[in-house]
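See structure below.
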Amino acid sequence: MSIMRITVRTFQNNQHAEMFIAMSQKIMEDALKDKFKINFTMIQNRTSKNQVTAIWKYDNEQHLKEVRSYLSKHNSIPNSLSPKEVVFSGDVILDHVS
């Protein structure tokens with residue numbers, strides 16, 4: 001059963017959000033070069049540009065652990081950004097793509 005995790009980050013300002021997005025893009029590009037399987041979508045709030053939401057989908061618990069391990073090794077995001085985070089996580093019950 002797949003797992004979905006949604007993280008909403010609210011940064012102190014728009015520049016911190018933009019920095020986070022740029023670093024996330026670099027990590028995604030590195031993962032693609034490494035042929036490492038990741039499945040995520042990142043969105044930026046249209047009216048509150050300092051709010052960034054990441055939607056992650058994992059195949060199973062093992063895949064989640066592998067992705068989190070990969071991210072921790074490739075994460076260069078400074079602690080000074082320290083956004084407020086709200087995380088939603090659960091097993092995918094229904095999923096449809098057409």
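The values are calculated or read from the model by the stated rules, or taken from the named source; none is laboratory data. As the structure is a prediction and not an experimental result, all values here were calculated from the model. So basically every Cβ, Gly included, is an ideal-geometry build from the backbone, and we count neighbours across all protein chains shown. Heads up: the accessible areas ignore ligands, DNA and RNA and are worked out on the full protein's heavy atoms, side chains in. Shrake-Rupley method; radii C 1.70, N 1.55, O 1.52, S 1.80 Å.
Can you confirm whether the stretch 82-92 contains a residue that is under 15 Å from Met4 (Cβ atoms) and part of a loop (DSSP other than H, G, I, E, B)?
Yes, some residue in the stretch 82-92 is under 15 Å from Met4 (Cβ atoms) and part of a loop (DSSP other than H, G, I, E, B).
Condition test on Met19, is it at pLDDT below 95 and open to solvent by 50 Å² or more (accessible area, probe 1.4 Å)?
Here the answer is yes, as Met19 does meet what is asked.
Check Leu94, Leu81 and return the single one that is of a type in the set (A, V, I, L, M) and exposed (fewer than 11 other Cβ atoms within 10 Å of the Cβ).
Only one candidate qualifies: Leu94.
Leu32 fails exactly one of the following numbered conditions: (1) in contact (Cβ under 8 Å) with a residue 12 or more places away in the chain; (2) among the hydrophobic types (A, V, I, L, M, F, W, C); (3) open to solvent by 80 Å² or more (accessible area, probe 1.4 Å). What is the number of that condition?
(1)
Of everything in the stretch 35-60 that's touching a residue at least 24 places away in the same chain (Cβ under 8 Å) and open to solvent by 80 Å² or more (accessible area, probe 1.4 Å), which residue is farthest from Val87 (Cα to Cα)?
Lys37
Could you please tell me which pairs satisfy a Cβ distance under 8 Å, a separation of 6+ or placement on different chains, a first residue in the stretch 63-76 that is within 15 Å of Met28 (Cβ to Cβ) and open to solvent by 30 Å² or more (accessible area, probe 1.4 Å), and a second residue that is among the β-branched types (Val, Ile, Thr) and modelled with pLDDT of 95 or more?
none
Can you tell me which residue within the stretch 3-16, out of those that are surrounded by 15 or more Cβ atoms within 10 Å (Cβ to Cβ) and polar (S, T, N, Q), is nearest to His63 (Cα to Cα)?
By that ranking, first place goes to Thr7.
Collect the residues in the stretch 1-15 that are of a type outside the set (S, T, N, Q) and in contact with a Pro (Cβ under 6 Å, 6 or more places away or on another chain), keeping them in residue-number order.
Of everything in the stretch 1-15, those that are of a type outside the set (S, T, N, Q) and in contact with a Pro (Cβ under 6 Å, 6 or more places away or on another chain) turn out to be Arg9, Phe11.
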